[in-house]
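Worksheet: the structure to be examined is printed underneath.
The values are calculated or read from the model by the stated rules, or taken from the named source; none is laboratory data. Note that the coordinates shown come from a computational prediction; the quantities given were computed from them, not determined experimentally. Using ideal geometry, Cβ is built from the backbone for each residue, glycine included, and neighbour counts are taken over all protein chains shown. In case anyone asks, the SASA skips ligands and DNA or RNA and just uses the protein heavy atoms, side chains included. Shrake-Rupley method; radii C 1.70, N 1.55, O 1.52, S 1.80 Å.
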Amino acid sequence: MTQFAFFKGQIVPIEDAKISIMTHAFNYGTGCFEGIRAYWNEDEEQLYIFKLVEHYERFLRSSRILLMNLPFSAERLAEITVELVRKEGYREDTYIRPLAYKSDELIGVRLHNLHDEVAIFATPFGRYIESEEGARAGVSSWRRIEDNSVPARSKITGAYINSALAKTEAALNGFDEAIVLTEDGHVSEGSAENLFIVRDRVLITPPVTDNILEGITRKVIIELARQELGLEVMERSIDRTELYVADEVFFCGTGVQVVAVAQIDHRTIGTGQIGPIVKALRDLYFQVVRGQASKYRAWCTPVYAV
Ligand code: PMP
């Protein structure tokens, strides 16, 4: 159960972290957010927050696109988060949700001359997609938001209507997840996760100029693939039908973690089972995030005193 939140500059009981229905961000989607995971390491009785400062650096970049000037550094936000999660006392995998939002209670769509607030809560969280070893995906009829209309590299709350439309269409059509194309028809990403394909042992993922969210997990996967598996990784545009002929396909993101895709638009990918490269990357990823790989321990922030 979630007991606390960081709200209006302090940690308060969650019941006291309330906003008015007149709040600007509630009316117009003028906020930005992050999704961060913390992993319970049973052997060490420790909770590790993964890539904490990097998430807050992206948070601050998102906020600047919304003309916010938040009075916190990424390091300070990381400290507040550790304090909040420690106070909750969680001994299980946890999801952390920071938000920055236009808090004024007034009518008028704009970004300037408004006040910004930061709020953070943390809540226990497990799987995001049930079939992690063989998800069924469908290419969405919805297109990914474009940088010159709604910037995709900023995690803007209002922008997630795009993800919600795609996800719900996919779910109602019997798929686990959506794959969304750019307006010019190239593969962008999943509804809330980045995408990789494997062709002839080369990992390929759309570039940051194809309207993706610049994923932290994506960057981690690229590094682990190169450093630990010695794989070649290419960032280039992907055609829709390359999805169908790929040897392996997977989603990655803080929420989904690493999920193998077994079918796309009713076509079987590879053997229809989780492939060797996705399996290796997935195993490695879970070791790293739980603080079990000493080489990458610096990516994990311990919550409790050691
Ligand atoms: N794309 C979108 C649209 C997302 O919401 C997310 C989740 N933050 C991702 C990709 C994956 O990003 P990350 O690995 O940083 O969680």
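Out of curiosity, is F72 open to solvent by less than 80 Å² (accessible area, probe 1.4 Å) and away from the ligand (no atom under 16 Å from the Cβ)? Steps first, please.
Working: open to solvent by less than 80 Å² (accessible area, probe 1.4 Å): yes; away from the ligand (no atom under 16 Å from the Cβ): yes.
Yes; evaluated as a whole, the condition is true for this residue.
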List the number of the failed condition for E57; all other conditions in (1) under 15 Å from S154 (Cα atoms); (2) open to solvent by 10 Å² or more (accessible area, probe 1.4 Å); (3) touching a residue at least 24 places away in the same chain (Cβ under 8 Å); (4) of a type in the set (D, E) hold.
(3)
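Matching residues to (1) farther than 22 Å from G31 by Cβ; (2) under 16 Å from the mean Cα position of the chain (by Cα):
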site	(1), (2)
T157	no, yes
N162	no, yes
L165	no, no
T168	no, no
L172	yes, no
D176	yes, no
L181	yes, no
S188	yes, yes
I197	yes, no
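Only one of these is away from the ligand (no atom under 15 Å from the Cβ), in contact (Cβ under 8 Å) with a residue 12 or more places away in the chain and surrounded by 14 or more Cβ atoms within 10 Å (Cβ to Cβ): E235, E242, E193. Name it. Break it down into steps so the answer makes sense when it comes.
Working: E235 fails: away from the ligand (no atom under 15 Å from the Cβ); E193 fails: away from the ligand (no atom under 15 Å from the Cβ).
Result of the check over E235, E242, E193: E242.
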Tally time: how many residues in the stretch 137-190 are in contact with a Leu (Cβ under 8 Å, 6 or more places away or on another chain), within 13 Å of the ligand (Cβ to nearest atom) and open to solvent by 50 Å² or more (accessible area, probe 1.4 Å)?
2
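Condition check ((1) surrounded by fewer than 20 Cβ atoms within 10 Å (Cβ to Cβ); (2) in a strand (DSSP E or B); (3) in contact with a strand residue (DSSP E or B) (Cβ under 9 Å, 6 or more places away or on another chain); (4) among the charged types (D, E, K, R)) across all residues:
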{"position": "I11", "(1), (2), (3), (4)": "yes, yes, yes, no"}
{"position": "I19", "(1), (2), (3), (4)": "yes, no, yes, no"}
{"position": "R76", "(1), (2), (3), (4)": "yes, no, no, yes"}
{"position": "V82", "(1), (2), (3), (4)": "yes, no, yes, no"}
{"position": "R86", "(1), (2), (3), (4)": "yes, no, yes, yes"}
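Among residues belonging to the stretch 204-223 that are among the aliphatic types (A, V, I, L, M) and farther than 20 Å from V139 by Cα, point out the one that is farthest from the ligand (Cβ to nearest atom).
Taking the stretch 204-223 as the starting set, the residues that turn out to be among the aliphatic types (A, V, I, L, M) are 204, 208, 212-213, 216, 220-222.
Filter once more, so that each one left must be farther than 20 Å from V139 by Cα: 216, 220-222.
Working: I216: 4, V220: 8, I221: 9, I222: 11 Å.
Filtering first and then ranking leaves I222.
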Give me a count of the residues in the stretch 92-111 that are surrounded by 14 or more Cβ atoms within 10 Å (Cβ to Cβ) and either of a type in the set (S, T, N, Q) or within 25 Å of G126 (Cβ to Cβ) (or both).
8
So in the stretch 32-50, with the set limited to residues that are out of contact with any strand residue (DSSP E or B) (no Cβ under 6 Å at 6 or more places or on another chain) and open to solvent by 20 Å² or more (accessible area, probe 1.4 Å), which one is nearest to V118 (Cα to Cα)?
E45
